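Asker: Pasting a structure here, questions to come.
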Amino acid sequence: VQLQAYGGGLVQAGGSLRLSCAASGNIFSLLNMAWHRQAPGKQRELVATVTRGGRTNYADSVKGRFTISRDNAKNTVYLQMNSLKPEDTAVYYCNAQPTFHLETYYWGQGTQVTVSS
């Protein structure tokens, strides 16, 4: 599985961005998907997940502001980010976990999100 993330950019605080991550192959519906982020000098952290069945979960820092969703017909997972804050600045990565092989993770290349104050 190859993952291609895009949609990052520069936005002012309070603004919005939507990230997309397209997956190759024909097993997207069997994948749990997630978004992570890594800010300069910090460890990578989990932002949001969506299971194969559509159940979602969020880091406390983004609850109520970010929404993860998936479109199985388009092999794509999205991260809608609203009310962005400067502390949301990071490289955002998408991640896929096959439900038939939970020990495996696939990573995309990352997309930069910069929020100016």
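Asker: Post the alpha-carbon centroid distance, the stretch 14-39 to the stretch 46-101, in whole angstrom.
Answerer: Centre-to-centre (Cα) distance: 6 Å.
Asker: If you rank 99, 111 by how much accessible surface each has, with a 1.4 Å probe, what is the order from largest down?
Answerer: 99, 111
Asker: Carbon and sulfur atoms: what percent of the 1.4 Å accessible area of the stretch 1-67 do they account for?
Answerer: Whole-percent figure for carbon plus sulfur exposure: 45.
Asker: Where Rh denotes the Kirkwood radius from the mean inverse Cα pair distance, what is Rg over Rh for the chain?
Answerer: Working: Rg = 13.5 Å, Rh = 14.1 Å.
Checking Rg against Rh, the ratio lands at 0.96.
Asker: Any idea of residue 68's accessible area? Nearest 10 Å², probe 1.4 Å.
Answerer: For residue 68, the solvent-accessible surface is approximately 10 Å².
Asker: Continuing with the same structure: With label points built 7 Å along Cα→Cβ from the Cα atoms of residue 72 and residue 24, find their separation and express it in nm.
Answerer: Simple spin-label model gives 2.3 nm for this pair.
Asker: Between residue 63 and residue 4, what is the label-to-label distance in nm when each label sits 7 Å out along the Cα-to-Cβ direction?
Answerer: 3.6
The values are calculated or read from the model by the stated rules, or taken from the named source; none is laboratory data. The structure presented is a predicted model; accordingly, all values stated were derived computationally and were not measured. Note that each Cβ is placed from the backbone with ideal geometry, even for glycine, and that neighbours are counted across all protein chains shown. We work out accessible area using only protein heavy atoms, side chains counted, and drop any ligands, DNA or RNA first. Shrake-Rupley method; radii C 1.70, N 1.55, O 1.52, S 1.80 Å.
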